[in-house]
Amino acid sequence: MSSTTLPARGVAWRRATLQARWFKPAVFALALLPMADLVWRAFSQRLGANPEQALLWATGLWALRLLLITLAVTPLRVLTGWTELARLRRMLGLFSFAYAALHFTVYFGLVNGFSVARVVQDAARHPFVLAGMTTLAMLTALASTSTNGIIRRMGAARWRMLHRLVYAAGVLGVFHYWWGKLAKNNTADPKLYAVVLAVLLGWRIYRAVAARRR
């Protein structure tokens with residue numbers, strides 16, 4: 001067996017897997033698992049002593065994780081040559097929005113009893129709450145303009161400019177998480193997410209600078 005046979009077979013297997021009809025639904029199911037787990041734990045009363053806070057933290061964390069995974073799709077596609085990954089980006093971004101919307105619903109409904117006044121007061125006192133709301137507004141704008149029809153109506157250039165908001169959403173999302181954990185004197189996890197975001201943004205900046213120098 002030649003030395004090139006195994007790598008060639010590996011590439012063929014990878015392409016077959018990423019192009020398979022079941023691959024995208026499998027990723028969809030994986031992204032849905034945390035939500036299904038939360039629903040099961042809620043109905044079986046396994047969310048702990050403070051279920052509202054458990055739901056709040058879990059939904060927010062998965063919104064941020066999926067946002068960072070969405071931002072990582074393009075660098076992975078470019079660095080590995082796995083062009084098939086591009087078809088996952090929109091779906092992962094929509095899942096990030098879904099978890100963020102659920103996070104706000106828990107915050108607004110379960111934590112604050114659907115009181116607009118309490119939410120406004122909370123946002124005025126705590127900048128990280130305002131950062132979270134701004135992040136959700138950005139993700140809402142991105143999710144609502146993610147269809148092919150909207151892209152055609154906006155034009156590719158305007159659409160790309162709008163969707164650069166995803167980077168600002170990532171920064172504000174990490175800030176929201178970091179400051180929320182700061183009150184609990186526990187910033188180890190937010191620092192890790194900040195490092196991941198810094199690497200992803202650094203790669204983007206490097207690519208933009210390199211492209212201008214050509």
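How many residues are in contact (Cβ under 8 Å) with a residue 12 or more places away in the chain and small (Gly, Ala, Ser) when one looks only at segment 158-200?
Number of matching residues: 6.
Filter segment 18-75 down to residues that are free of Cβ contacts under 8 Å to residues at least 60 places away in the same chain and touching a His at 6+ places or on another chain (Cβ under 8 Å) and give me whichever is surrounded by the fewest Cβ atoms within 10 Å (Cβ to Cβ).
Selected residue: Leu56.
What are the pairs with Cβ atoms under 8 angstrom where one residue, in segment 108-137, is free of Cβ contacts under 8 Å to residues at least 12 places away in the same chain and the other, located anywhere, is assigned to a loop (DSSP other than H, G, I, E, B)? Sequence gap at least six, or different chains.
From residues that are free of Cβ contacts under 8 Å to residues at least 12 places away in the same chain, the pairs are Phe108/Phe114; Arg118/Asn112; Asp122/Asn112.
Specify the residue that is farthest from the chain's Cα centre (by Cα); the eligible residues are those in segment 131-158 that are closer than 13 Å to Arg90 by Cα and aliphatic (A, V, I, L, M).
Once the filter is applied, the top-ranked residue is Ile151.
Going through segment 121-132 one residue at a time, which ones are surrounded by 14 or more Cβ atoms within 10 Å (Cβ to Cβ) and of a type in the set (A, V, I, L, M, F, W, C)? Working first, answer last.
Going through segment 121-132, the residues surrounded by 14 or more Cβ atoms within 10 Å (Cβ to Cβ) turn out to be 122-123, 126, 128-132.
Correct list: Ala123, Phe128, Val129, Leu130, Ala131.
Do you know which of the residues in segment 144-188 that are farther than 15 Å from Leu67 by Cα and of a type in the set (Phe, Trp, Tyr) is surrounded by the fewest Cβ atoms within 10 Å (Cβ to Cβ)? So that I can check it myself, show each step before the final result.
Of the residues in segment 144-188, the ones farther than 15 Å from Leu67 by Cα are 144-145, 147-162, 178-188.
Then keep just the ones that are of a type in the set (Phe, Trp, Tyr); that gives 159, 178-179.
Numbers: Trp159: 15, Trp178: 17, Trp179: 17.
Selected residue: Trp159.
Can you tell me which residue in segment 50-68 is farthest from Ser96 (Cα to Cα), limited to those that are assigned to a helix (DSSP H, G or I) and of a type in the set (S, T, N, Q)? Lay out the reasoning, then the answer.
Initial filter on segment 50-68 (assigned to a helix (DSSP H, G or I)): 51-68.
From the residues that got through so far, the ones that are of a type in the set (S, T, N, Q) too are 53, 59.
Values: Gln53: 19, Thr59: 9 Å.
So, considering only residues that are assigned to a helix (DSSP H, G or I) and of a type in the set (S, T, N, Q), the one farthest from Ser96 (Cα to Cα) is Gln53.
Inspect segment 103-120 for any residue being of a type in the set (Gly, Ala, Ser), farther than 26 Å from Gln53 by Cα and either surrounded by fewer than 15 Cβ atoms within 10 Å (Cβ to Cβ) or modelled with pLDDT of 95 or more (or both) and give the result as yes or no. Write out each step before concluding.
Looking only at segment 103-120, we keep the residues that are of a type in the set (Gly, Ala, Ser), and these are 109, 113, 115, 117.
Those left that are additionally farther than 26 Å from Gln53 by Cα: none.
No, there is no match, as no residue in segment 103-120 is of a type in the set (Gly, Ala, Ser), farther than 26 Å from Gln53 by Cα and either surrounded by fewer than 15 Cβ atoms within 10 Å (Cβ to Cβ) or modelled with pLDDT of 95 or more (or both).
The values are calculated or read from the model by the stated rules, or taken from the named source; none is laboratory data. Computed from a predicted model, the values in this text were never measured in an experiment. Note: ideal-geometry Cβ built from the backbone for every residue, glycine included; neighbour counts use all protein chains shown.
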